[in-house]
Amino acid sequence: MAPIRSGWDEESAASAGEDSPTSKKPRSDVRFPLSRWELAVAVAVFFTLVLGILSIVSTMPRDKYEKILRLPRNLSDLRVLKDNIAIYATDYQANFMLGYCSIYIFMQTFMIPGTIFMSLLAGALFGVGKGLVLVVFTATAGASSCYFLSKLVGRPLAAWLWPEKLRFFQAEIAKRRDKLLNYMLF
């Protein structure tokens, strides 16, 4: 580790070759790490999921449920909402399950918080058995999508944005290869 110096400025950092944020200048010769194909796949996955959700939501009947489906403000409103959603789910089961699965997979793919509440909602609306199967399917599909999208897009972006931190992290993992489970947990 380099000693702390007084009077440290950009010129001395650049001349000393130190790795500090002030010495880093944007390089014009560095190209974007994703190919057009990889970027197109990532954008296509996002827009396909969004358009799928929008088409499912737009085809759901709203006439009699428009007034009763609103954000809850207290616990009694939440219970009423759960009952109304349960009625809606039984009346339009295929649409509701397709919408539920699409939203859950979208949230899981793009790591949007809230899937735990979706899992609890599945158990409350569909029962333990059916809810468990639904959650296992959607969580697996969403996590797989997240993994493949991260591998396709995330790895090159991380290597491009934070190369020093990535090398440090890889060195730390290599040092602890035998005790990797303990390193990840603690």
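The values are calculated or read from the model by the stated rules, or taken from the named source; none is laboratory data. Not measured: the values here are computed from a predicted model. Don't worry about glycine lacking a Cβ; one is built from the backbone with ideal geometry, like all the others, and counts go over all protein chains shown.
Remark: pairs (first residue in the range 113-126, touching a residue at least 40 places away in the same chain (Cβ under 8 Å) and closer than 12 Å to MET97 by Cβ; second residue among the small types (Gly, Ala, Ser) and in a helix (DSSP H, G or I); Cβ separation under 6 Å; 6+ apart in sequence or on different chains) = LEU125/ALA86; LEU125/ALA89. For LEU71, the requirement of being exposed (fewer than 11 other Cβ atoms within 10 Å of the Cβ), hydrophobic (A, V, I, L, M, F, W, C) and either at pLDDT below 80 or touching a strand residue (DSSP E or B) at 6+ places or on another chain (Cβ under 9 Å) (or both) is met. With respect to GLY99, is the statement that it is out of contact with any helix residue (DSSP H, G or I) (no Cβ under 8 Å at 6 or more places or on another chain) and at pLDDT 85 or above true? Spelling it out, it is not the case that GLY99 is out of contact with any helix residue (DSSP H, G or I) (no Cβ under 8 Å at 6 or more places or on another chain) and at pLDDT 85 or above. Going by what's in this entry, would ILE105 be described as in contact with a Ser or Thr (Cβ under 8 Å, 6 or more places away or on another chain), touching a residue at least 40 places away in the same chain (Cβ under 8 Å) and part of a helix (DSSP H, G or I)? Yes, satisfied. Do you know which of the residues in the range 8-54 that are among the polar types (S, T, N, Q) and part of a helix (DSSP H, G or I) is modelled with the lowest pLDDT? Filtering first and then ranking leaves SER12.
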